[in-house]
Amino acid sequence: MIVERAYAHAAEDEVQGSEWPWTVPCVRRLLDDGLRFTAPVTFLVGENGSGKSTLVEALAEAFGLDPWGGSAGYRYAGPRAPSVLGGRMRFEATVAGRRMLRAPHTRRRGFFLRAETALDALGREQRTGRVSGSPEEMSHGEGFLMAFRERFAGPGLYVLDEPESALSFASCLELVGVLDDLSRTGAQIICATHSPLLTALPGAEIIEVGEHGMRSAEWHELELVEHWRRYLNDPRAYLRHIVG
Ligand SMILES: Nc1ncnc2c1ncn2[C@@H]1O[C@H](COP(=O)(O)OP(=O)(O)O)[C@@H](O)[C@H]1O
Ligand SMILES: [Mg+2]
């Protein structure tokens with residue numbers, strides 16, 4: 001593992017205002033209690049707008065990953081002003097993590113895969129010789145698989161934001177295998193997701209993000225798992241409320 005706890009501080013008057021990101025409940029929770037990581041793989045789940053991307057972007061940025069995505073140790077667009085939360089985020093790190101955080105940025109290892117900007121990020125990876133294929137010439141999902149196969153290796157911090165958005169069932173299973181292998185090499189993975197498949201990775205920690213802030217959850221108790229289970233069992237139970 002790399003990071004054992006993330007936390008942030010902000011001035012009281014700033015937090016009391018109505019400005020994003022301080023209005024997001026999970027960010028307030030981060031300010032009050034921090035966020036503890038107890039396993040090499042952590043999944044963040046929660047409704048759209050609950051704050052998952054706000055959190056993972058700030059975590060990635062604070063580790064020195066480019067907030068637009070791509071490999072650690074490389075800044076694509078020159079120095080950018082840190083985001084409000086990313087600039088405040090601090091880590092309590094493991095020995096390996098402290099070593100990485102003390103070293104220059106070029107010595108950090110990891111990857112930030114964001115669904116929204118993946119094509120741009122993978123294009124830059126290709127132009128700098130970090131991946132072999134051109135993402136322009138492959139499907140969204142194939143581009144993701146190329147990143148997993150070629151860039152997800154070795155100790156480092158791997159941050160993913162809804163990787164399942166581009167992936168088939170089989171590709172999601174492949175990603176579970178990649179995350180499991182990575183987690184055994186001293187790497188740490190933090191992944192925002194809506195996927196019942198990914199979150200089932202044995203040994204992974206699941207944190208539910210929502211109005212309540214953040215809380216740890218078991219896979220079989222997750223709302224997303226229960227909804228999928230019921231939907232697949234009988235789609236009409238849902239669809240009769242939705243379609244004519
Ligand atoms: N750059 C931004 N400026 C202002 N508000 C934002 C910004 N990014 C996200 N938000 C707001 O913060 C909340 C959490 O968003 P986000 O972290 O993207 O949620 P999630 O990833 O869980 O769907 C939402 O209400 C969203 O509208
Ligand atoms: Mg999001």
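Among the residues of the stretch 38-50, those identified as open to solvent by 10 Å² or more (accessible area, probe 1.4 Å), in contact (Cβ under 8 Å) with a residue 60 or more places away in the chain and within 16 Å of ligand 2 (Cβ to nearest atom) are 46, 47, 50. When residue 65 is tested against the conditions (1) at pLDDT below 95; (2) more than 14 Å from the chain's Cα centre (by Cα); (3) open to solvent by less than 20 Å² (accessible area, probe 1.4 Å); (4) among the hydrophobic types (A, V, I, L, M, F, W, C), the lone failure is (2).
Being open to solvent by 50 Å² or more (accessible area, probe 1.4 Å) and of a type in the set (D, E, K, R) is the filter here; which residues of the stretch 188-233 pass it? Matches in the stretch 188-233: 211, 215, 218, 221, 223, 226, 229, 230.
Take residues that are closer than 25 Å to residue 146 by Cα and tell me which of the strands (runs of 3 or more DSSP E) falling wholly in the stretch 166-244 contain 1 or more. Before the answer, list the steps.
Details: elements: 188-192, 205-210, 213-217.
By residue number, 188-192.
In the condition set (1) more than 16 Å from ligand 2 (Cβ to nearest atom); (2) modelled with pLDDT under 95; (3) open to solvent by less than 10 Å² (accessible area, probe 1.4 Å); (4) within 17 Å of the chain's Cα centre (by Cα), residue 151 is compliant with all but (3).
Residues that are touching a helix residue (DSSP H, G or I) at 6+ places or on another chain (Cβ under 9 Å), assigned to a loop (DSSP other than H, G, I, E, B), aromatic (Phe, Trp, Tyr) and within 16 Å of ligand 1 (Cβ to nearest atom) are absent from the stretch 95-116 altogether.
Condition test on residue 217, is it of a type in the set (Gly, Ala, Ser) and under 27 Å from residue 180 (Cβ atoms)?
Working: of a type in the set (Gly, Ala, Ser): yes; under 27 Å from residue 180 (Cβ atoms): yes.
Yes: the conditions hold for residue 217.
Taken over the stretch 154-173, the residue count meeting the criterion of being surrounded by fewer than 16 Cβ atoms within 10 Å (Cβ to Cβ) and either on the phi > 0 side of the Ramachandran plot or acidic (Asp, Glu) (or both) is 1. If only residues of the stretch 1-28 that are open to solvent by 30 Å² or more (accessible area, probe 1.4 Å), in a helix (DSSP H, G or I) and touching a residue at least 12 places away in the same chain (Cβ under 8 Å) are counted, the one that is nearest to ligand 2 (Cβ to nearest atom) is 25.
Just one of the listed residues (55, 44) is at pLDDT 95 or above, assigned to a strand (DSSP E or B) and not small (Gly, Ala, Ser), and it is 44. Taken together, 165, 195 contain a single residue that is out of contact with any strand residue (DSSP E or B) (no Cβ under 6 Å at 6 or more places or on another chain), at pLDDT 95 or above and of a type outside the set (A, V, I, L, M), which is 195. Taken together, 35, 31, 59 contain a single residue that is within 26 Å of residue 216 (Cβ to Cβ), within 16 Å of ligand 2 (Cβ to nearest atom) and out of contact with any Asp or Glu (no Cβ under 7 Å at 6 or more places or on another chain), which is 59.
The values are calculated or read from the model by the stated rules, or taken from the named source; none is laboratory data. On a predicted model such as this, the values are computed, not experimentally measured, just so you know. Note that each Cβ is placed from the backbone with ideal geometry, even for glycine, and that neighbours are counted across all protein chains shown. The protein model used for the area step is the full one, side chains on, heavy atoms only, and it has no ligands, DNA or RNA in it. Shrake-Rupley method; radii C 1.70, N 1.55, O 1.52, S 1.80 Å.
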